[in-house]
Amino acid sequence: MFNKVFVEKDLVNKSHTQDVLKKIRFNELITIDRYDNIFEKVKKPYLQKRDNLNLFLAKKRGEIVKEAPDAYGLGKEKHFYFIHAYNCIYECEYCYLQGYFNSPDIVWFLNHDEIIKKIDGTSKTHPNSWFHAGEFSDSLAVSHFTNEIPTYHEYFKGNSTAKLELRTKSSNTRALESLEPLSNLFVTFSLSPKEVAKSIDKKASPIKQRLKAIKRLHLLGFKIGIHLDPIVIENCWEKSYQELIEDLSNHIPISEISFISIGVVRFTKDVFLQFSKNYPSSNIRTSTFVKSFDNKFRYPKPIRSNALRLVRELLTHYGANPTNIYECME
Amino acid sequence: MILLCFAHRAEAEAFFVEKDFRPDNRLKNFYKSSSGEEFLLITGEGPYSALSKISSVLSFEKTFSKIINFGTAGALGNQYEKLDVFSIRTAYLAESSEALPQFKSFPLQVIEGLPKIDCITSTQRIKDPKLKHHLSSFADVVDRELWSIGFAAKESKIPLYAIKIISDATEDLDFCQDVKNNSFKLSSLLLKAYFNLFTNEKQKTKDELFERVVSLSDFYFSTSQKRSLKKYLSETEITWTELERLIKKIHIEENNKANAKKLLETLSEFSSPEFHQLRNKVKGFMEKLEKSGIRVSHDQTFESPSLKLTTDIKSLQDLNCKVQALQNFSYRDWEDFINGDL
């Protein structure tokens with residue numbers, strides 16, 4: 001799975017580190033002082049994640065909890081995201097990480113107690129806030145290796161005013177299934193029409209598997225959120241979304257989804273350059289794109305507003321409460 | 001034409017034997033094959049010498065379709081054995097006696113059929129095992145010139161390939177002498193890899209497709225149209241068969257410029273049907289205003305519904321005609337269109 005695994009020397013003898021090392025496959029183990037002496041020191045091409053992916057087991061220093069940008073979540077509460085990992089094992093063509101970090105190598109931060117301490121401090125200053133995992137990495141995909149979910153579950157169980165969102169494109173719900181559902185824990189799944197997901201959500205769980213995972217967790221009593229983001233306009237996209245939402249409604253009553261975000265595919269300039277280089281034959285047809293209100297590259301407003309309206313109408317038609325739908329980053 | 005680069009003449013020896021390379025008087029250590037299809041450059045050892053030499057060549061000879069760097073490299077890990085041959089995936093740089101890695105890197109074209117590894121070019125010869133271990137965090141092998149060739153190739157937008165042969169393993173300290181003693185063997189293996197991997201390449205490149213289109217006798221492309229054509233060919237990954245199908249759909253006129261315009265419009269639709277549809281809608285909105293002589297420009301990004309109208313009034317009748325056209329124009333429909341009512 002990994003070529004080299006770099007472990008910070010202060011962590012190498014910790015039991016959590018050893019547990020992780022036992023579960024993963026790699027070619028070479030190297031002990032280092034600090035991950036940031038190596039990670040991003042050279043510009044490593046993004047697509048090397050396919051055949052030369054390294055892993056760092058490290059301690060997160062500096063800013064651990066960050067305020068999310070506007071239009072990030074539902075409601076007027078404050079939204080924060082916390083950083084427990086950098087980079088992802090999946091390879092979604094539109095992923096902003098390809099232009100965000102200068103390396104596709106993965107960093108798993110293992111100082112979860114310190115991360116929780118920061119969440120706790122922020123939560124005390126800003127009660128009723130949301131804390132999102134999965135900004136820089138999928139929050140469930142490798143949770144059976146990293147095994148941090150019970151630690152976060154424990155904290156949020158005792159702090160019901162703070163809300164936790166675990167955002168994923170995986171169907172790996174093993175870590176959650178043995179835990180009790182919480183009123184402030186939301187497991188959210190990003191979905192696209194199955195053919196689109198097959199072509200652009202490379203290596204992520206197929207939509208069929210994600211839908212099954214949604215059903216599984218919903219039946220166990222977990223709160224579910226859905227991200228219909230990014231919407232990609234391709235041939236017959238309206239029909240594909242109609243089928244997706246109908247399929248979703250066969251796995252969970254749409255009215256019982258806690259919130260649904262909708263957003264159209266978009267790129268910052270850096271990500272756009274990387275995307276164009278990495279995926280020149282992508283099904284995401286960017287020749288339509290214009291520089292929009294926040295300098296991100298998007299479909300022209302008439303096209304994206306039409307798409308958002310149509311998806312919103314479909315969702316309400318299938319029973320979604322309109323107040324639970326929000327437009328992400330629009 | 002292809003440029004073959006080597007740091008040392010000894011590494012290129014088998015190439016000199018196999019092919020009839022003659023000095024090209026424009027630069028010392030620069031050679032041209034008798035067929036005129038291949039050039040060979042000896043860059044000298046070290047990234048500064050290589051950068052200087054290759055930049056000189058690329059400044060006066062601009063016809064290369066690819067550059068291939070051949071050479072020896074030192075292994076940074078124990079998994080590599082002497083005489084193993086690799087295609088390099090990324091070129092990194094380490095500077096100074098401490099071998100400090102530099103941020104800038106250059107991805108290379110990889111060669112199918114060879115294992116892929118990464119190479120770090122060092123400004124110093126790396127003999128110290130500690131430095132080898134340090135560099136192994138970033139790359140698999142170390143050489144003395146590839147990063148510089150990558151830099152120059154990128155500036156000139158020429159695809160770069162590199163074939164490296166392992167000349168010394170991690171524990172070898174006297175590798176310089178070993179390389180000297182085995183130079184012809186190493187060079188022959190590089191030549192063999194070159195013959196196997198490059199001489200039968202038949203795949204049509206995008207540039208070849210482009211050349212084929214612009215040479216069609218019914219079409220004349222201006223410089224900006226050529227740019228658009230390149231853009232569409234690159235965006236769509238279209239094949240010649242598909243392109244032929246699109247060309248057959250065009251109603252060919254006597255005017256070659258008009259034919260080129262039609263082909264570009266067809267390619268635009270092929271590359272992005274939604275945008276094409278959007279433009280047709282805009283055309284529909286503006287048609288009557290334009291017909292009455294009012295020029296309309298809109299926000300090209302479609303973020304705002306604002307319109308800019310310009311016109312000249314030539315007579316009272318002309319004024320009335322334009323006022324009528326404006327009264328018939330529904331700004332509300334335009335606003336709804338911008339807001340997604342398609």
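The values are calculated or read from the model by the stated rules, or taken from the named source; none is laboratory data. Predicted, not measured: the structure shown is a model, and the values here were computed from it. Cβ sites come from the backbone with ideal geometry, for glycine too, and all protein chains shown count toward neighbours. Each accessible area value is taken on the protein alone, full model and side chains, heavy atoms only, with ligands, DNA and RNA left out. Shrake-Rupley method; radii C 1.70, N 1.55, O 1.52, S 1.80 Å.
Between A:LYS66 and B:GLU211, the FRET efficiency estimated from the beta carbon spacing at R0 = 45 angstrom works out to 0.35. Using a simple spin-label model with pseudo-atoms 7 Å out from Cα toward Cβ, A:CYS236 and B:GLU303 lie 3.6 nm apart.
Return the FRET efficiency for the residue pair B:GLN327, B:GLU265: r is the Cβ-Cβ distance, R0 is 30 Å, and the value is rounded to the nearest 0.05. Efficiency, rounded to the nearest 0.05: 0.40. How many angstrom separate the Cα center of segment A:1-55 from the Cα center of segment A:86-119? About 13 Å separates the Cα centre of segment A:1-55 from the one of segment A:86-119. Expressed as a whole percent, the accessible surface of the protein assembly as shown that belongs to carbon and sulfur atoms is 49, based on a 1.4 Å probe. Going by accessible surface with a 1.4 Å probe and the largest first, B:ARG279, B:ARG227, A:ARG266 read B:ARG227, B:ARG279, A:ARG266.
Antiparallel beta bridges, as assigned by DSSP with both residues in chain A, represent about 20 percent of the total such bridges.
Just for the protein assembly as shown, what percent of DSSP beta bridges are antiparallel, to the closest 5? In the protein assembly as shown, approximately 30 percent of DSSP beta bridges are antiparallel ones. Fully extending the segment from B:LEU319 to B:SER97 would add 72.0 nm, taking 0.36 nm per residue of separation and subtracting the current Cα-Cα distance. The orientation-averaged shadow of the Cα convex hull for segment A:206-245, equal to a quarter of the hull surface, comes to 3.2 nm². If the reach is capped at under 13 angstrom between alpha carbons, list the aspartates and glutamates near A:LYS296, excluding any in the same chain fewer than eight residues apart. Cross-link targets: A:ASP270, A:GLU330, B:GLU303. Only protein heavy atoms count here; under a 1.4 Å probe, A:PHE293 has an accessible surface of about 110 Å².
The Rg/Rh ratio for segment B:2-198 is 0.94, where Rg is the radius of gyration of the alpha carbons and Rh is the Kirkwood radius. Give me the Debye-computed log₁₀ of I(q)/I(0) at q = 0.10, 0.15 Å⁻¹ for chain A, equal point scatterers on Cα only, no solvent, two decimals. Taking Cα atoms of chain A as identical point scatterers yields -0.58, -1.38. Going out from 0 in 20 Å bins, what whole percent of all Cα-Cα distances in chain B drops into each bin? The percentages, shortest bin first, are 24, 37, 24, 13, 1. Size descriptor for segment B:49-124, Kirkwood hydrodynamic radius: 14.4 Å (Cα pairs only, one decimal).
Estimated purely from DSSP H runs of n ≥ 4, each contributing -39500 (n - 2.57), the mean residue ellipticity at 222 nm for chain B is -13500 deg cm²/dmol once divided by its residues.
Backbone phi angles across segment B:154-164, fed through the Karplus curve with coefficients 6.51, -1.76 and 1.60 (θ = phi - 60°), yield HN-Hα couplings of 5, 4, 8, 6, 10, x, 10, 10, 9, 10, 10 Hz in residue order; Gly and Pro are listed as x. Extending 7 Å from Cα along the Cβ direction at B:GLU290 and again at B:THR310 yields two label points whose distance is 1.6 nm. When each of the peptides A:89-101, B:122-134 is scored by the mean number of other C-beta atoms lying within 10 Å of its residues, the order from highest to lowest reads A:89-101, B:122-134. Sorted largest first, the principal axis extents computed over the alpha-carbon atoms of segment B:203-271 equal 33, 23, 19 Å. Its Cα gyration tensor gives segment A:147-258 an equivalent ellipsoid. The semi-axes, each the square root of 5 times an eigenvalue, are 27, 14, 12 Å from largest down. For chain B, DSSP calls about 45 percent of its internal beta bridges antiparallel.
Here A:LEU47 sits with roughly 50 square angstrom of accessible surface, probe radius 1.4 Å. Its DSSP H runs of at least 4 residues, each contributing -39,500 (n - 2.57), put the calculated 222 nm mean residue ellipticity of chain A at -9000 deg cm²/dmol, to the nearest 500.
Normalising the average separation of contacting C-alpha pairs (under 8 angstrom, six or more residues apart) by the number of residues puts the relative contact order of chain A at 15 percent. Report the normalised scattering of the protein assembly as shown as log10 I(q)/I(0) at q = 0.07, 0.08, 0.10 Å⁻¹, calculated by the Debye formula with identical scatterers on the alpha carbons. So the normalised log intensities work out to -0.61, -0.78, -1.10. For the modelled label position 7 Å from the Cα of A:LYS208 along Cα-to-Cβ, which residues of segment A:238-263 have backbone nitrogen atoms closer than 20 Å? Residues passing the 20 Å test: A:240-252. In terms of accessible area, using a 1.4 Å probe and ignoring ligands and nucleic acids, B:PHE329, A:PHE275 rank largest first as B:PHE329, A:PHE275. Once the mean of 1/r is taken over each pair of separate Cα atoms and inverted, segment A:214-270 shows a Kirkwood hydrodynamic radius of 12.8 Å. The distance from the alpha carbon centre of segment B:134-161 to that of segment A:260-330 is 37 Å, rounded to a whole number. Give me the one-decimal nm value for the distance between modelled label points at B:GLU237 and A:GLU246, 7 Å along each residue's Cα-to-Cβ direction. According to this spin-label approximation, the distance is 3.0 nm.
Dividing the mean sequence gap of close Cα pairs (under 8 Å, 6+ apart) by how many residues segment B:283-342 holds gives a relative contact order of 34 percent. Averaged over the residues of peptide A:296-302, the number of Cβ atoms from other protein chains lying within 10 Å of each residue's Cβ is 6.
Solvent-accessible surface (1.4 Å probe) assigned to B:CYS321 amounts to roughly 70 Å². If R0 is 22 Å, the Cβ-Cβ spacing of B:LYS192 and B:GLN79 corresponds to a FRET efficiency of close to 0.45. Sorted into 10 angstrom bins from 0, the C-alpha pair distances of segment B:283-342 split as 22, 51, 22, 5 percent.
Ordered from highest to lowest accessible area with the whole protein assembly present and a 1.4 Å probe, A:ASP113, A:ASP70 read as A:ASP70, A:ASP113. For segment A:92-223, the number of Lys pairs separated by eight or more positions or lying on different chains, with C-alpha atoms closer than 21 Å, is 29.
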